[in-house]
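Taking it in order: structure first as structure tokens, then the write-up.
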Amino acid sequence: MEEGKYAKELDVAVRVVHMACSLCQRVQQKLVSSSDDGHVKSKDDDSPVTVADWSVQATVSLMLSETLVENLSIVAEEDVQTLTKADSEGLLAAVVNTVNECLAEAPKFGLQSPPGALGTSQILEAISRCSSNGGPAGRYWVLDPVDGTLGFVRGDQYAVALALIEDGKVVLGVLGCPNYPLKKELLNYPQNYNQTKSKTSLSTATWEKGCVMYARRDGGGAWMQPLIHGDRMLEWPNSATQIWVSPIVDPALATVCEPVERANSNHSFTSGLAETVGLRTQPMRVHSMVKYAAIARGDAEIFMKFARAGYKEKIWDHAAGVIIIEEAGGVVTDAGGRPLDFSRGVFLENLDRGIIACSNAILHEKIVDAVYASWDSSNL
Ligand SMILES: Nc1ncnc2c1ncn2[C@@H]1O[C@H](COP(=O)(O)OS(=O)(=O)O)[C@@H](OP(=O)(O)O)[C@H]1O
Ligand SMILES: [Mg+2]
Ligand SMILES: [Mg+2]
Ligand SMILES: [Mg+2]
């Protein structure tokens, strides 16, 4: 890749994800302190969606189209169906407020605010504009405004994930992880980081958290930047530090992470695999693409996800995480050892059984081999 390719896009994407993290922190704070119910709704598949999911989607859509070319193509998770129902007035008003509050903060992040507050129709338009279908040709952004909404609602881990795909390949990824702890042991804490914090005697510095990770394809590795502290986002890229995967190759010392919910990944199958491969540590169950972040930052070595048969993985749940792990030195494939194919539309079509992300090829090969050996007897 020539020097500087996607530099402008990366600059804007990092700034916008910082803005989105700040928005999410405010909404989550209100949610867990119970001063607001967060207008948590259930989608048709019973998964939750909140004011933060729609507000981030609107904000990212608006800022990208304002700062980059017009008529951007964006594939994103949310639509406006629930928001425009007759009984959703309060919810929609909360989204409009949250978005305008966030846009007014743009200068803190080195971006421009719109000249005045935006109206409901402009915000709905920004959300529904993200309805591209992806595919093998051209350039489009992929956004998961809040990944791990369940974790978000629980006061736990979640991520804002933005990636750019060109001709079917992920070329840039940014992952905002507002609750990512600087001390890796705290990733293991059960639900509600904030409540846990108040119940322990650990020093405040121990609880420092929040970062944005990013990578450009062949752009010289993966990087991490702290979230905004005080008035302004730190100058970047100067304030970013490079991250690498863990050097551990001995399975007995490796940490595996996986989804929290049994409905999202088969825990008994992965515990069988862990035994076969000789993994000794307890699995780290963490919501969202923070699992990808943990591998990229060297805080865990293996991430596995085996969804139930018939579930189709969506590109926005993986694109940003995959490029960040790869640029940090790791390997991500399906269970057959093939790279994930982002060129087939909204879904990762033809995914072979599940996803295996590892810090290195040695651990990766062991897991893929163990899947081959165990699959037929697994009844999955
Ligand atoms: N049934 C089923 N099987 C597999 N995967 C599913 C399923 N339902 C949802 N999802 C997707 O999982 C995303 C959250 O993944 P996590 O790894 O964070 O799951 S967990 O909360 O830790 O259990 C979650 O992303 P968000 O909706 O952005 O939170 C979903 O896209
Ligand atoms: Mg998601
Ligand atoms: Mg989401
Ligand atoms: Mg969701």
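So which pairs qualify, if the first residue must be in the stretch 134-148 and in the same structural domain as VAL17 (by TED's automatic domain parsing) and small (Gly, Ala, Ser), the second must be open to solvent by 30 Å² or more (accessible area, probe 1.4 Å) and within 16 Å of ligand 1 (Cβ to nearest atom), the Cβ gap must be under 6 Å, and the two must be at least 6 apart or on different chains? From residues that are in the same structural domain as VAL17 (by TED's automatic domain parsing) and small (Gly, Ala, Ser), the pairs are GLY134/VAL346. Among the residues of the stretch 52-65, not a single one is modelled with pLDDT of 90 or more, within 16 Å of ligand 4 (Cβ to nearest atom) and not in a helix (DSSP H, G or I). Taken over the stretch 34-65, residues that are within 14 Å of ligand 3 (Cβ to nearest atom), of a type in the set (S, T, N, Q) and open to solvent by less than 10 Å² (accessible area, probe 1.4 Å) amount to 3.
Inspect the stretch 66-76 for any residue being within 16 Å of ligand 2 (Cβ to nearest atom), surrounded by fewer than 16 Cβ atoms within 10 Å (Cβ to Cβ) and free of Cβ contacts under 8 Å to residues at least 12 places away in the same chain and give the result as yes or no. Checked against the condition, which is being within 16 Å of ligand 2 (Cβ to nearest atom), surrounded by fewer than 16 Cβ atoms within 10 Å (Cβ to Cβ) and free of Cβ contacts under 8 Å to residues at least 12 places away in the same chain, the stretch 66-76 yields no hits at all. Checking GLU313, GLU261, GLU275 one by one, the residue that is more than 16 Å from ligand 4 (Cβ to nearest atom) and among the acidic types (Asp, Glu) is GLU275 and no other. Listed conditions (1) at pLDDT below 95; (2) open to solvent by 30 Å² or more (accessible area, probe 1.4 Å); (3) more than 10 Å from ligand 1 (Cβ to nearest atom); (4) in a loop (DSSP other than H, G, I, E, B) are all met by GLY329, apart from (1). Within the stretch 1-31, being buried (at least 20 other Cβ atoms within 10 Å of the Cβ), under 21 Å from GLN157 (Cβ atoms) and not small (Gly, Ala, Ser) holds for VAL14, VAL16, VAL17, HIS18, MET19, CYS21, LEU23, CYS24, VAL27, GLN28, LEU31. Against the criterion of being within 13 Å of the chain's Cα centre (by Cα) and either assigned to a loop (DSSP other than H, G, I, E, B) or within 15 Å of ligand 3 (Cβ to nearest atom) (or both), TYR311 does not qualify.
Of all residues in the stretch 332-380, exactly one satisfies the criterion of being among the aromatic types (Phe, Trp, Tyr), out of contact with any Lys or Arg (no Cβ under 6 Å at 6 or more places or on another chain) and modelled with pLDDT of 95 or more, namely PHE342.
The values are calculated or read from the model by the stated rules, or taken from the named source; none is laboratory data. What you are looking at is a predicted structure, and each value in this text was computed from that prediction instead of being measured. All Cβ positions, glycine included, derive from the backbone under ideal geometry; neighbour counts span all protein chains shown. Note: areas computed on protein heavy atoms with side chains; ligands, DNA, RNA excluded. Shrake-Rupley method; radii C 1.70, N 1.55, O 1.52, S 1.80 Å.
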